[in-house]
Structures are given as C-alpha cells and as structure tokens.
Amino acid sequence: MTLRPVEQGDASELARICFEAFGGIHDHHRFQRDFPTLEAAAGLMSMWIPHPKVWGVVAEIDGRIVGSNFLDERDPVPGIGPITVDPEGQNTGVGRKLMGAVIERGKDAPSIRLVQDGFHMRSLSLYESLGFDVEEPVAVTSGKPSSGAVPGVEVRPLEAGDLDECEALCLKVHGFERTNELRDAIQAFSPFVARRDGRVVAYASTVTFWPMNHGVAESEDDMKGLLLGAAAAIEEPIALLVPLRSGLFRWCLEEGLRLVKPMNLMAFGDYREPQGAWFPSVLY
C-alpha cells in the first residue's frame, strides 16, 4: 500500500468509495445514510479536493485507489474527514495508515478534531488507539421547531460585515476562531446570525446541512433564539449536531425535533470545554 496526495482526477473514484463505504456502514446498523446518493458524495468531493485549505491523501494498492482522508486546515484547529475505505479493503490497515497521515500533517496544531458515528465500534476503537479522546457525546437532530421566533432577538442572514463579531464570539466560546470556515459558508450555504441589544450573540454557518454546519452562542437562550428565528425564515427542517450534555438537547426534543443518530466529538491534543452554547459540524 502506498499513500499520495489527492488529485483532481481522483474525484469520481473517491466519491464512489465514499458513497459505498458510508452506505454500507449505515445500512448495516439501520441508520439513514449520510450520503443518500452518489451525487451527494460527488458534491462533497468536488468542493473538498480543489480547496486550497483542505489537504487530502489517497491510499493505493497496486495502483488501485482503496481509500482517502482529508484534513480541513481553514482555521487554527483542523478537522478530519471524511475518511473512507473501499468496502473490499476494509479491516486491512488502510484506515490506520490514512489516519496516521493526517495526524502527522496536523502535528503542529494545538488540537485535531473529528466527529465519529457512535454506533461504529471499529472506527471508535481505531481513533481511541491513535490517541483521540471522546470529549462530547452528540446527536444528529432534525425537524421543524413547534415554537415561533423569539421577540427581541433579530435573526437574519449572516453577512461579511458580521465576521469580526462572529470571530470574537467563537473565540469567547471555544478559545479559537473559525472565521475562514464561516467565510466559505457565506458563499456555499445560508448562515444566520442572531442579534440582541445591538450585538451578535449567536451564529450558525447553516441550520439545514448538519455535516458541515456549526454554531456558537453566548447562552442556550441565545442559541434557541437563533434556531427558532432561522427555522421561521426557511421552509425545510433544521438539522444539527446537538451536545447531549447540554440543555439544548432536551429543548430540541421538546420542540418536536427527531433524534437521527448518536455521534462522538473526539479530540487529539488540547481540548477546552466550551464557554457558552454550541454545536459542531461532522467535519468539525
């Protein structure tokens, strides 16, 4: 087996492997697929492979691609994923090699993060054996909240002029910024910001596409206001990864959101408990 940097010409094969690998795992455990169609996997690869701040690595055996992994380096704390191994090449050490490559790549970062399917014991065992710790159990939740927008909280689409305040808020909550990721979200998704008393108190990079959204807020009430205001402004259901140890999770259930699947936020290196309300993306 050999490793090499990802190339644009790998996109179609990596999309196929991503679709089949995730599909096989989710079908086996009877959870809905993260990538319901091949086109969905291809869409992610078409965005990830050419991105100048996303590093990719491909594993080959006898010249045949058998897997890939990525490291999102847009901001100070990089995130891993998606890591995928061809179903025919699983349980042969390919995943460990691909993980080792991104760990080596991110060795100078204060921390590396990933979000792992809580029902998948092989990946949990692999990541733990490589030095990752489970820092927070989370769950994908989805639906339309039963309550309406909160009076006194202005929720509107996030604009480039909000980025400085959003950066300060993220620094306050997490201790590091995610401004480059948020800047990308303005172009790719529909981020929202919540303002109260003339200042930004919460934001979300998107509220519908949970694999690539994240949000922070000064308090759980501010996060609730953001989610309710955003939900009132769109037709589709909201979807997000909610930390299970927060009051936000029970609130989501009370609002009628559906629990989709359990996951684990894992970190390699430093981890500081967030100082406010938050939710992560699956690609951290």
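Any chance the range 153-160 includes a residue that's modelled with pLDDT of 95 or more and over 20 Å from residue 222 (Cα atoms)? Scanning the range 153-160, I find at least one residue that is modelled with pLDDT of 95 or more and over 20 Å from residue 222 (Cα atoms), so the answer is yes. Quick check on residue 256: is it touching a Pro at 6+ places or on another chain (Cβ under 9 Å), surrounded by fewer than 20 Cβ atoms within 10 Å (Cβ to Cβ), within 20 Å of residue 282 (Cα to Cα) and small (Gly, Ala, Ser)? Answer is no for this residue.
Anything in the range 114-132 that is more than 22 Å from residue 206 (Cβ to Cβ) and either surrounded by 13 or more Cβ atoms within 10 Å (Cβ to Cβ) or in contact with a strand residue (DSSP E or B) (Cβ under 6 Å, 6 or more places away or on another chain) (or both)? List them, or say none. 118, 119, 120, 123, 124, 126, 127, 128, 130, 131, 132 - these are the residues of the range 114-132 that are more than 22 Å from residue 206 (Cβ to Cβ) and either surrounded by 13 or more Cβ atoms within 10 Å (Cβ to Cβ) or in contact with a strand residue (DSSP E or B) (Cβ under 6 Å, 6 or more places away or on another chain) (or both). Checked against the criterion of being open to solvent by 40 Å² or more (accessible area, probe 1.4 Å), touching a residue at least 24 places away in the same chain (Cβ under 8 Å) and in contact with a strand residue (DSSP E or B) (Cβ under 6 Å, 6 or more places away or on another chain), the candidates 135, 159 yield just one match: 135. Of all residues in the range 214-236, those being out of contact with any helix residue (DSSP H, G or I) (no Cβ under 8 Å at 6 or more places or on another chain) and of a type outside the set (A, V, I, L, M) number 7. A Cβ distance below 7 Å, combined with a sequence gap of six or more or placement on separate chains, defines the contacts here; from the range 1-23, residues that are touching a residue at least 40 places away in the same chain (Cβ under 8 Å) reach residues that are buried (at least 16 other Cβ atoms within 10 Å of the Cβ) and part of a helix (DSSP H, G or I) in the pairs 1/94; 1/97; 3/97; 3/101; 14/45; 18/41; 18/45.
Exactly one residue out of 202, 185 is in contact with a strand residue (DSSP E or B) (Cβ under 7 Å, 6 or more places away or on another chain), surrounded by 17 or more Cβ atoms within 10 Å (Cβ to Cβ), closer than 21 Å to residue 76 by Cα and at pLDDT 95 or above: that is 202.
Among all residues of the range 66-82, there is none that is in a loop (DSSP other than H, G, I, E, B), farther than 30 Å from residue 238 by Cβ and open to solvent by less than 60 Å² (accessible area, probe 1.4 Å).
Would you tally the residues in the range 205-230 being open to solvent by 20 Å² or more (accessible area, probe 1.4 Å) and in a loop (DSSP other than H, G, I, E, B)? Here the count works out to 4. Looking across the range 143-173, just one residue is in a strand (DSSP E or B) and among the β-branched types (Val, Ile, Thr), and that is 155.
Considering (1) surrounded by fewer than 15 Cβ atoms within 10 Å (Cβ to Cβ); (2) among the small types (Gly, Ala, Ser); (3) closer than 15 Å to residue 13 by Cβ, the lone condition that residue 56 does not fulfil carries the number (1).
Checking each residue in the range 259-283 for being open to solvent by 10 Å² or more (accessible area, probe 1.4 Å), assigned to a loop (DSSP other than H, G, I, E, B) and of a type outside the set (A, V, I, L, M, F, W, C) picks out 270, 271, 272, 273, 274, 275, 276.
The values are calculated or read from the model by the stated rules, or taken from the named source; none is laboratory data. As the structure is a computational prediction, the values presented were derived from the model and not from experiment. FYI the Cβ positions are ideal-geometry reconstructions off the backbone, even for glycines, and counts take in every protein chain you see. Heads up: the accessible areas ignore ligands, DNA and RNA and are worked out on the full protein's heavy atoms, side chains in. Shrake-Rupley method; radii C 1.70, N 1.55, O 1.52, S 1.80 Å.
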